[in-house]
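Colleague: Shown below is the structure under consideration.
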Amino acid sequence: MKHHYWEAPIVIYLFLGGLGGGIFFLASVFDLIVAPGAGPLFFAPVFFALAALALGCFFLVFELGQPPVFWRVFTTKTAIIKWGAVLLTVAMICGFVWWASYLPLLGWQWAAGLAGLLAPVRSLMIGLAGVAGFGIMVYTGVMLSTLKAHAFWATPALPVLFTVSALSTACAAIALSLGGAVDAAGLGLLVEELIREIVHEVDIVLVIAEIVVLLVMVLSFYGAGNVTAQKVAARWVRGRTAPLFWGGMVGGGLLLPLALYLAGAGTAASEVVAPILVLCGGLLLRYLCVYSDERAPIPGEERYYERLKSSDTRFMTAWKQGENKY
Amino acid sequence: MTRYVMVVDQSRCIGCQSCTVACRTWNDLPLDIIYNPVVSEGTKGTFPEVYRTWTPTQCMHCANPECVPCCPTGASQQDDDGTVWVDYAKCMGCKVCVNACPYGMRDVSHVVPRFDQYVRKCTFCRDRRAADPAAEPYCVATCHQRARVFGDIDDPNSEVSKLINTTHTERLFTELGTDPQIYYIPEMGGGAR
Ligand code: SF4
Ligand code: SF4
Ligand code: SF4
């Protein structure tokens, strides 16, 4: 039966968290390993990562029942959400320090002193943000998959899927924003082109991997999942959610961008349209998963809660908003 | 040690929902929250051999609860006597525990003010027992059929121990490893016993 408590803000949070974490991870890999010195090119992508995480946290806190108590997540030891909160905080602080050290790129001379001060810790900061970013990507999936009351979430495939999708959306965001705010010329331009090419190739691999993991997960639930998971998978494969799953997620979010990446290389279709589709696909994936929160009913439970038809709006309105509120 | 459990005798329950009403009253619950619905799969069998059974539910006060370790604020906790409860002041309303409970026994009211929404659940009437150690949970005290029996399973002379040791009891979703502590004496097809 439906056991629905998390709404759209959580969907957006999981998407933005994965996206921001992925950008930090990739930015650190490029800046520290693949193309040392390419930092300025990632000024804009890292800005978007910071914005994504900040916005994600806003949605998360907004969705809480008692937002003023949110600081308590830092008081427990083991809860997985606590680790998510710690990783988000580390990523945002380190990412921000790294980003602030490049502020003069915007032509803000007043920031030169600050930038000079922060420059020596750049590598450390992007390294920490990258590690935390990787943790965030994995955490968004692990968090759902530990909630085994929801059979469709309780699979190790889910964290894999979320991580691959997070990396893929991060590639897309980098493709769209790489080199923003800098006027690369000469060697810089060459490095930018090189990174763009790598990100392009990597995203092709990631999109293919995502298609495989997604289909393996959904179809194995469809074929052999427990009753609850099987019902959800059936809804995805041939039920109410099928148009959104096959048309939106698999078609529009994965196959179409893959085709554009492969066929349209070098054109706007591959460099602008495909990444945007990948981003939309990532959001849709989180939406489909969060809204697949069915749980096995206690015998008779469905019948109990269905006695009051939600279509009985007159009664429901009077019940919820009438004088007899409590 | 004390370990509180409940035995629910389905052959005694007549589905009157008195316990549901009692719980709502004792806990002063908002209208959209029910801690202990009494559910039924409806009429079974073929005429004239028809029968109907009832399953009074509530939080299973699991020995290995899903809802406690996942709580990021420490609001969701378990007493040494097994009682699982929520400290409302500490709960930030993230609803992780609501999503974690396989029995659907936690809920958030939507008819209370927007930023005052914490998670509620059955507390085995922790407050009532604290005020009067001899008191039974209100749903137990209310049940005129004695279908709900509350007590200490670690005390061999308690009624719950005797029932569990001498009668066939069943628990819900044991395959999930939660080790639920509500023991059902199932009704055998509605026959009088
Ligand atoms: S029934 Fe649910 S709320 Fe109660 S202890 Fe078990 S997991 Fe927690
Ligand atoms: S909703 Fe409250 S009790 Fe439940 S996990 Fe979140 S903070 Fe803990
Ligand atoms: S033990 Fe108390 S809180 Fe729990 S269902 Fe019974 S009356 Fe309600």
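Colleague: Going from most exposed to least, what order do A:Phe42, A:Phe47 have by accessible area with a 1.4 Å probe?
Modeller: Details: A:Phe42 0, A:Phe47 95 Å².
Accessible-area ranking of A:Phe42, A:Phe47, largest first: A:Phe47, A:Phe42.
Colleague: Related question: Within 13 Å, Cβ to Cβ, of A:Phe42, how many net charges do the neighbouring residues add up to if Lys/Arg are +1 and Asp/Glu are -1?
Modeller: Details: positive: A:Arg122, A:Arg196; negative: A:Asp31, A:Glu192.
Combined, the nearby Lys, Arg, Asp and Glu give 0.
Colleague: Give, as a single signed number, the net charge of other residues whose beta carbon lies under 10 Å from the beta carbon of A:Ile10, with Lys and Arg counted +1 and Asp and Glu -1. Show your work: numbers first, answer last.
Modeller: Values: positive: A:Arg286, B:Lys95; negative: A:Glu7, A:Glu63.
Around A:Ile10, the surrounding residues sum to 0.
Colleague: Within chain A, what is the number of lysine pairs with alpha carbons under 28 Å apart, leaving out pairs fewer than eight places apart on the same chain?
Modeller: The number of close lysine pairs in chain A is 12.
Colleague: Take each uninterrupted DSSP H stretch in chain A, measure its Cα extent along the helix axis, and return the ones at 27 Å or beyond whose mean Kyte-Doolittle hydropathy is at least -0.5. Don't skip to the end; give the middle numbers.
Modeller: Numbers: long enough: A:8-29 (31 Å, 1.97); A:43-63 (30 Å, 2.21); A:80-100 (30 Å, 1.82); A:122-145 (34 Å, 1.46); A:157-177 (30 Å, 1.85); A:187-224 (54 Å, 1.77).
Length and hydropathy pass: A:8-29, A:43-63, A:80-100, A:122-145, A:157-177, A:187-224.
Colleague: Using r as the Cβ-Cβ distance of A:Phe62 and A:Ala157, and R0 as 30 Å, what FRET efficiency do you calculate, to the nearest 0.05? All intermediate terms of the calculation are to be shown ahead of the outcome.
Modeller: On the way: r = 30 Å, r/R0 = 0.99.
Computed FRET efficiency for A:Phe62 and A:Ala157 comes out at 0.50.
Colleague: Moving to a separate point now. Using a Förster distance of 25 Å, how high is the FRET efficiency between B:Asn165 and B:Gln145, based on the Cβ-Cβ distance and rounded to 0.05?
Modeller: Details: r = 22 Å, r/R0 = 0.88.
The calculated FRET efficiency here is 0.70.
Colleague: Right, something else. Could you give the length gained by full extension between A:Ala119 and A:Leu255, i.e. 0.36 nm per residue of separation minus their alpha carbon distance, to one decimal place?
Modeller: Length difference between fully extended and current span is 44.8 nm.
Colleague: Then there's this: Compute the projected area of the convex hull of the Cα atoms of the range B:62-193, averaged over all viewing directions, and report it in nm² to one decimal place. All intermediate terms of the calculation are to be shown ahead of the outcome.
Modeller: Working: hull surface 40.6 nm².
Directional mean of the projected Cα hull area for the range B:62-193 stands at 10.2 nm².
Colleague: Would you mind classifying the range B:26-71 by shape? Square roots of the alpha carbon gyration tensor eigenvalues, ordered a ≥ b ≥ c; an a/c under 1.5 is rounded, otherwise it is prolate if a/b is larger than b/c and oblate if not. Spell out each step's value before the answer.
Modeller: Numbers: a/c = 4.09, a/b = 1.92, b/c = 2.13.
Judged from the Cα gyration tensor, the range B:26-71 comes out oblate (a/c at least 1.5, b/c at or above a/b).
Colleague: Skipping prolines and chain starts, which residues have an amide H placed within reach, meaning under 5 Å, of the one on B:Val119, given they are 5 or more residues away or on another chain?
Modeller: Amide H neighbours of B:Val119: B:Gly93.
Colleague: Please give the net charge around A:Arg235, taking every other residue with its beta carbon less than 14 angstrom from that of A:Arg235, where Lys and Arg add +1 and Asp and Glu add -1.
Modeller: Numbers: positive: A:Lys2, A:Lys231, A:Arg238, A:Arg240; negative: A:Asp293, A:Glu294.
Local charge sum for A:Arg235: +2.
Colleague: Using mean Cβ contacts within 10 Å as the protection proxy, how do A:273-285, B:120-132 order, highest first?
Modeller: Numbers: A:273-285: 22.6, B:120-132: 17.3.
Ranked from most to least packed, the peptides come out as A:273-285, B:120-132.
Colleague: Tell me which residues come under 5 Å, amide H to amide H, from B:Tyr183 once H is placed; ignore anything under 5 positions away on its chain.
Modeller: HN-HN under 5 Å from B:Tyr183: B:Met6, B:Val7, B:Val8.
Colleague: Oh, and also: To the nearest whole percent, what portion of all C-alpha pairs in the protein assembly as shown is separated by more than 30 angstrom? Present the calculation step by step, with values, prior to reporting the outcome.
Modeller: Working: 75325 of 134421 pairs.
Counting pairs separated by more than 30 Å, the tail of P(r) holds 56 percent.
Colleague: To the nearest 0.05, how large is the calculated FRET efficiency for A:Ala268 and A:Arg303 if R₀ is 51 Å and r is the Cβ-Cβ distance?
Modeller: Taking R0 as 51 Å, the efficiency between A:Ala268 and A:Arg303 is 0.40.
Colleague: How many partner chain Cβ atoms sit within 10 Å of a residue's Cβ in peptide A:58-70, on average, as a whole number? Each step should come with its number before you reach the end.
Modeller: Numbers: counts 0, 0, 1, 2, 1, 3, 8, 16, 14, 4, 2, 11, 5.
Per residue, the average neighbour count from other chains is 5.
Colleague: What list of ³J(HN,Hα) couplings, whole Hz, do you get for the range B:144-152 from phi and the Karplus terms 6.51, -1.76, 1.60, once you set θ to phi - 60° and write x for glycine and proline?
Modeller: With coefficients 6.51, -1.76 and 1.60, one gets 6, 9, 6, 7, 10, 10, 10, x, 9 Hz.
Colleague: Of the residues A:Arg240, A:Arg122, A:Arg307, which exhibits the maximal mean-square fluctuation in a Gaussian network model of chain A defined by a 10 Å Cα contact cut-off?
Modeller: Of the options given, A:Arg307 has the highest mean-square fluctuation.
Colleague: Between the helical axis of B:18-27 and the dominant principal axis of chain B, each derived from Cα atoms, what acute angle in degrees is found, rounded to the nearest 10?
Modeller: 20 degrees
Colleague: Rank B:Pro156, B:Pro30, B:Pro69 by mean-square fluctuation in a GNM of chain B with C-alpha springs under 10 angstrom and give only the top-ranked residue.
Modeller: Looking only at B:Pro156, B:Pro30, B:Pro69, the largest GNM fluctuation is found for B:Pro156.
Colleague: For the range B:175-181, take each phi angle, set θ = phi - 60°, evaluate the Karplus expression 6.51 cos²θ - 1.76 cosθ + 1.60, and give the result in whole Hz per residue in order, putting x for glycine and proline.
Modeller: Here the 3J(HN,Hα) series is 5, 7, x, 7, 6, x, 10 Hz.
Colleague: Calculate the spin-label point distance for B:Arg126 paired with A:Glu193, positioning each point 7 Å from the Cα along the beta-carbon direction, and give it in nanometres.
Modeller: 6.6 nm
Colleague: Which residues' amide hydrogens lie under 5 Å from the amide hydrogen of B:Ser76, considering only partners 5 or more residues apart or on another chain, with H built in the peptide plane?
Modeller: B:Asp87
Colleague: Rounded if a/c is under 1.5, else prolate if a/b beats b/c, else oblate: with a ≥ b ≥ c from the C-alpha gyration tensor eigenvalues square-rooted, which is the range A:8-295?
Modeller: On the way: a/c = 2.45, a/b = 1.36, b/c = 1.80.
Because a/c hits 1.5 or more and a/b fails to exceed b/c, the range A:8-295 counts as oblate.
Colleague: If you keep only loop residues by DSSP, which chymotrypsin sites (Phe, Trp or Tyr not before Pro) in the range A:105-151 have at most 16 other Cβ atoms within 10 Å of their Cβ?
Modeller: Values: sites: A:Trp108, A:Trp110, A:Phe134, A:Tyr139; in loops: A:Trp108.
In loop regions of the range A:105-151 (DSSP not H, G, I, E or B), the sparsely surrounded chymotrypsin sites (Phe, Trp or Tyr not before Pro) are A:Trp108.
Colleague: If you don't mind, another one. Trypsin sites (Lys or Arg not before Pro), restricted to the range B:19-103: which are DSSP loop and have at most 15 other Cβ atoms within 10 Å?
Modeller: Details: sites: B:Arg24, B:Lys44, B:Arg52, B:Lys90, B:Lys95; in loops: B:Arg52, B:Lys90, B:Lys95.
Hits after loop and neighbour filter: B:Arg52.
The values are calculated or read from the model by the stated rules, or taken from the named source; none is laboratory data. In this text, all values refer to a predicted model and were calculated from it rather than measured experimentally. Glycine gets a Cβ as well: all are built from the backbone with ideal geometry, and neighbour counts include every protein chain shown. Side chains included, ligands, DNA and RNA excluded: accessible areas come from the protein's heavy atoms. Shrake-Rupley method; radii C 1.70, N 1.55, O 1.52, S 1.80 Å.
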